[in-house]
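Read through the structure below, which is laid out as structure tokens, and then see the notes.
Read the figures in this text as sums done on the coordinates, not as results from a lab. The structure displayed is predicted, hence computed values, not measured ones. We place every Cβ from the backbone using ideal geometry, glycine too, and count neighbours over all the protein chains shown.
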Amino acid sequence: MARLTVHALEKRFANTAAVDRVSLDVEDGELICLLGPSGSGKSTMLRMIGGFERPTGGQILIDGQDVTHLPPERRPTGMVFQSHALWTHMTVAGNIAFGLKLRHLPRAEVRDKVEWALSLVGLAGYGSRMPYQLSGGQQQRVALARSLVLEPKILLLDEPFASLDQHLRERLREEVRDIQQRLGITTLFVTHGQDEALAISDRIAVLKDGRIEQLDTPDRVYRRP
Ligand code: ADP
Ligand code: ADP
């Protein structure tokens with residue numbers, strides 16, 4: 001469990017502000033969707049929080065620790081991208097174990113954690129498969145497991161199911177919400193789909209032109225005046 005605080009976060013490209021001094025508090029165990037049209041700054045904001053993009057201003061705090069200038073591997077964050085290429089020459093288990101091996105954990109602990117992560121995403125028994133033997137939805141589940149196995153304090157999801165068909169997208173978002181609630185992991189979920197945000201959020205942050213226009217619970221965001 002962790003709290004994420006973003007303070008006056010800014011990213012300028014030449015003359016335009018992709019993210020324009022945004023402040024946001026995400027509570028322990030909360031899931032907030034960043035919702036907005038293409039180009040509104042959602043992805044840039046998430047990438048800055050994950051450490052993949054350097055802010056031009058502002059701060060990012062996780063449980064009070066300033067992580068603004070830390071590289072991604074030193075942040076307690078886990079990120080899943082829209083099309084998260086798995087390492088094609090490694091088994092599913094190898095993909096999930098990779099980060100754990102870098103941390104030099106004992107073999108037995110790696111094995112236990114890999115099995116835990118596989119069952120968490122509903123893929124128990126799939127460890128020996130190669131990525132190309134999996135469907136698109138299963139591959140995104142592996143990407144999620146690869147992130148969660150490192151036990152990040154903050155989970156960052158950038159349109160993780162956008163490339164999947166609608167039926168599968170709906171199923172996977174429910175699965176993610178279920179896992180997120182079971183683990184109590186503080187989560188930011190980027191989407192441009194209102195239905196998606198409505199279905200899974202504790203709160204929705206509506207972005208426009210690099211600013212948060214509205215921040216509220218789904219029922220309040222969607223209540224018509
Ligand atoms: P969203 O995720 O909401 O679609 P982005 O964060 O990708 O929005 O982009 C926000 C704005 O920043 C857009 O106007 C986009 O063109 C601009 N932008 C993003 N990345 C770059 C870049 N590397 N160089 C210049 N402009 C960029
Ligand atoms: P190794 O580390 O033995 O070369 P891999 O890199 O393929 O094997 O797998 C990484 C880790 O995942 C291993 O340490 C092992 O504990 C675990 N593992 C391997 N195969 C499976 C599987 N089929 N199911 C669950 N866990 C597995």
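Sequence-ordered 3J(HN,Hα) estimates for region 67-80 from the Karplus curve with 6.51, -1.76 and 1.60 and θ = phi - 60° stand at 10, 3, 10, 7, x, x, 5, 9, 9, x, 10, x, 10, 10 Hz, glycine and proline given as x. Listed values for region 90-99 are Karplus-derived 3J(HN,Hα) couplings in whole Hz (6.51 cos²θ - 1.76 cosθ + 1.60, θ = phi - 60°), namely 10, 5, 4, 4, x, 4, 6, 7, 3, x, and x replaces Gly and Pro.
Under 5 Å from the amide H of LYS208 lie the amide H atoms of GLU213, each residue being 5 or more positions distant or on a separate chain, with H modelled from the backbone and absent for Pro and chain starts. Shape analysis of region 13-62 based on the Cα gyration tensor places the equivalent ellipsoid semi-axes at 19, 14, 9 Å, largest first. Along region 116-133 the Karplus relation, 6.51 cos²θ - 1.76 cosθ + 1.60 evaluated at θ = phi - 60°, assigns HN-Hα couplings of 4, 5, 4, 6, 4, 9, x, 10, 4, x, 9, x, 8, 5, 9, x, 5, 7 Hz to successive residues, with x for each Gly and Pro. Between amide H atoms placed 1.01 Å from N, distances below 5 Å from LEU9 occur with VAL22, SER23, GLN59, all of them 5 or more places distant or on a separate chain.
The residue list SER43, ASN95, GLY210 was ranked by how far each Cα lies along the charge dipole of the chain toward its positive end, using unit charges on Cβ atoms, and ASN95 comes out on top.
Mind checking the log10 I(q)/I(0) for region 54-118 at q = 0.12, 0.17 Å⁻¹? Debye, one equal scatterer per Cα, no solvent, two decimals. Once normalised to I(0) and log-transformed, intensities are -0.46, -0.80.
The long axis of helix 166-183 is offset from the longest Cα principal axis of the chain by roughly 90 degrees. Ellipticity at 222 nm from helices only: DSSP H runs of n ≥ 4 in the chain, each -39500 (n - 2.57), divided by the residue count, give -10500 deg cm²/dmol. When Lys and Arg each count +1 and Asp and Glu each count -1, what net charge do the other residues less than 12 Å away from HIS69, Cβ to Cβ, add up to? Taking every other residue near HIS69 into account, the sum is +2.
Under the rule a/c < 1.5 gives rounded, and otherwise a/b versus b/c splits prolate from oblate, where does the chain land using the Cα gyration tensor? Prolate.
Let me know the shape class of region 110-202, please: from the alpha-carbon gyration tensor, a ≥ b ≥ c as square roots of the eigenvalues, rounded when a/c is under 1.5, otherwise prolate if a/b is greater than b/c, or oblate. Because a/c hits 1.5 or more and a/b fails to exceed b/c, region 110-202 counts as oblate.
Per residue, the convex hull spanned by the alpha carbons of region 47-164 comes to 111 Å³. Computed on region 144-207, with alpha-carbon pairs under 8 angstrom and 6+ residues apart, the relative contact order is 39 percent.
Rounded to the nearest 20, the Cβ-based charge dipole of the chain about its Cα centre (Lys and Arg +1, Asp and Glu -1) stands at 500 debye. Looking at the chain, the DSSP beta bridges with both ends there are about 50 percent antiparallel.
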